[in-house]
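Undergrad: Have a look at the structure that comes next, please.
Just so it is clear, none of the values below were taken in a lab; they were calculated from the coordinates. Here the structure is a predicted model, which means the values were calculated and not measured. We place every Cβ from the backbone using ideal geometry, glycine too, and count neighbours over all the protein chains shown.
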Amino acid sequence: MAKPPRPQGLRWRLLRGPLGRFVREAALYHHAIFGPVERVVIAPDAVVNDALFNVSSGSITVEAGAFFGHGVSLLTGTHDIDRLGADRRDAIPREGRDIVVAEGAWIASNATIIGPCRIGRHAVVAAGAVVTGDVDDYAVVAGVPARPVRVIHPPATV
């Protein structure tokens, strides 16, 4: 004897039903901002997917043509490690740890960018890399911590 069909509950409707594609795409292409939203500036043609922007201790700027893979984190927030307990948790500088992702840079999936730093024009940050300092224009960085592995030679201008 055949089993009766399983009821299609809310979870099924959200993931597989008519709204499923909308819900999946919203999760994949909607970034999150932790901190004051006015500290984040994203160029209209930049693609940030589901990035996390932590602007507790500075601002984040993503310039024209920059694009991110999924799961990218940009973190300006920090705590004073010389403090202990609740004092450490509450000791958050409000400024000075800005991040700039310059024109045309590619930040691959699951990379973490820790401010203060600048990712240079047309630079590439490899998947899973952890950036803790500036990345030169046209540089490719990889690893934990991220280190230069290659330089991209831009086409000559005529």
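Undergrad: Over all directions, average the projected area of the Cα convex hull of the stretch 31-151 and note it in nm².
TA: It is 7.0 nm².
Undergrad: Let me ask something else about it. Expected output is a single nm value to one decimal: the length gained when fully extending between residue 103 and residue 150, i.e. 0.36 nm times separation in residues minus the C-alpha distance. What is it?
TA: Here the answer is 15.1 nm.
Undergrad: Could you please state, rounded to a whole Å, how far the C-alpha centre of the stretch 57-108 is from the C-alpha centre of the stretch 120-158?
TA: 18
Undergrad: Now for a separate question. Apply the Karplus curve 6.51 cos²θ - 1.76 cosθ + 1.60, θ = phi - 60°, to the phi angles in the stretch 128-145 and return the couplings in whole Hz, x for Gly and Pro.
TA: Those phi angles translate into x, 5, 10, 9, 10, x, 5, 10, 5, 3, 6, 8, 10, 10, 8, x, 10, x Hz.
Undergrad: Per residue of the stretch 62-74, in order, report the coupling 6.51 cos²θ - 1.76 cosθ + 1.60 (Karplus, θ = phi - 60°) as ³J(HN,Hα) in whole Hz, putting x for Gly and Pro.
TA: With coefficients 6.51, -1.76 and 1.60, one gets 10, 7, 3, x, 6, 8, 10, x, 8, x, 6, 10, 10 Hz.
Undergrad: Once amide H atoms are built 1.01 Å from N in the peptide plane, which residues 5 or more positions from residue 62, or in another chain, come under 5 Å H to H?
TA: Amide H neighbours of residue 62, under 5 Å, 5+ apart: 41, 42, 43, 101.
Undergrad: Something else: For Cα pairs less than 8 Å apart in space and 6+ apart in sequence, what is the mean separation divided by the residue count of the stretch 31-151, i.e. the relative contact order in percent?
TA: That works out to 19 percent.
Undergrad: Magnitude of the Cβ-charge dipole of the stretch 31-151, K/R +1 and D/E -1, about the Cα centre, nearest 20 debye?
TA: For the stretch 31-151, the charge dipole is close to 260 debye.
Undergrad: Another question, then. Which shape class applies to the stretch 92-138: rounded if a/c is under 1.5, otherwise prolate when a/b exceeds b/c and oblate if not, where a ≥ b ≥ c are the square roots of the Cα gyration tensor eigenvalues?
TA: Judged from the Cα gyration tensor, the stretch 92-138 comes out oblate (a/c at least 1.5, b/c at or above a/b).
Undergrad: Residue separation times 0.36 nm, minus the C-alpha to C-alpha distance between residue 31 and residue 49: what's the value?
TA: Contour length minus the Cα-Cα distance gives 5.9 nm.
Undergrad: If you take every residue apart from residue 79 with its C-beta less than 12 Å away from the C-beta of residue 79, what net charge results, scoring Lys and Arg +1 and Asp and Glu -1?
TA: Value of the local net charge: 0.
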